[in-house]
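Q: Starting off with a structure, shown below.
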Amino acid sequence: MLNTAIIMGRLTADPELRKTNTGLSVTSFTVAVDRNYKSGEERQADFINVVAWRGTADFVSTYFKKGQMIAVQGSIQTRNYEDKNGNKRTAVEIVADNVSFCGSKAESGSTYGAQRAETAPAVSYQSADAGSFSVLPDDNQGFAFGADDDEGLPF
């Protein structure tokens, strides 16, 4: 079976980090994703709910802001709940496995503040020829490079 979702769009609000009772990091956010359209048609967007856990949640809440372009790869999850009025509801969301910057360098760099102005933003890179590489924050060490998939490397 296959359950994979990949979206790219803009954050509708700043992600806010929360902690569970057991101390796990979690953040929920919404991504506005443009639909395909033809010239002369009005643009439309879908608003996709995303939830990120643990390190991914920390990463998103630290480095992403409202309006910034984001790419999300994960799986679709549904859950049932009862609202305040006792109505049964179903929530559909993407559980993020990987997130990436996908805006311009100037756009990504402008969200770091003075203390990180000189540091390049974290990005993910995927090549059909060379596999997948990520540049992710390394605790208090700046940024670290890592290969996500050693199997796809040509050397």
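Only the coordinates and a few stated rules stand behind these numbers; no lab work does. Just so it is clear, the structure is predicted and the values come from calculations on it, not from any experiment. Cβ atoms come from the backbone with ideal geometry, glycine included; neighbour counts cover every protein chain shown.
Q: Skipping prolines and chain starts, which residues have an amide H placed within reach, meaning under 5 Å, of the one on residue 97, given they are 5 or more residues away or on another chain?
A: 73, 74, 75
Q: Something else now. So how do 8, 1 line up by other beta-carbon neighbours within 10 Å, fewest first?
A: Fewest-to-most ranking of 8, 1: 1, 8.
Q: Sort 2, 11 so that the residue with the fewest other Cβ atoms within 10 Å of its own Cβ comes first and the one with the most comes last.
A: In order of increasing Cβ crowding within 10 Å: 2, 11.
Q: Answer rounded, prolate or oblate for the stretch 31-97, using the Cα gyration tensor with square roots of eigenvalues a ≥ b ≥ c: rounded when a/c is under 1.5, else prolate when a/b is larger than b/c, else oblate.
A: Here the stretch 31-97 falls in the oblate category.
Q: For residue 17 and residue 80, what does the FRET efficiency come to when R0 = 25 Å and r is the distance between their Cβ atoms, rounded to the nearest 0.05?
A: 0.45
Q: Amide H neighbours of residue 14 under 5 Å, at least 5 residues apart or on other chains, H built in the peptide plane: list them.
A: 66
Q: Give me the Å³ per residue figure for the convex hull around the C-alpha atoms of the stretch 1-59.
A: Details: hull volume 6.7 nm³, N = 59.
Hull volume over Cα atoms, normalised by residue count, gives 113 Å³.
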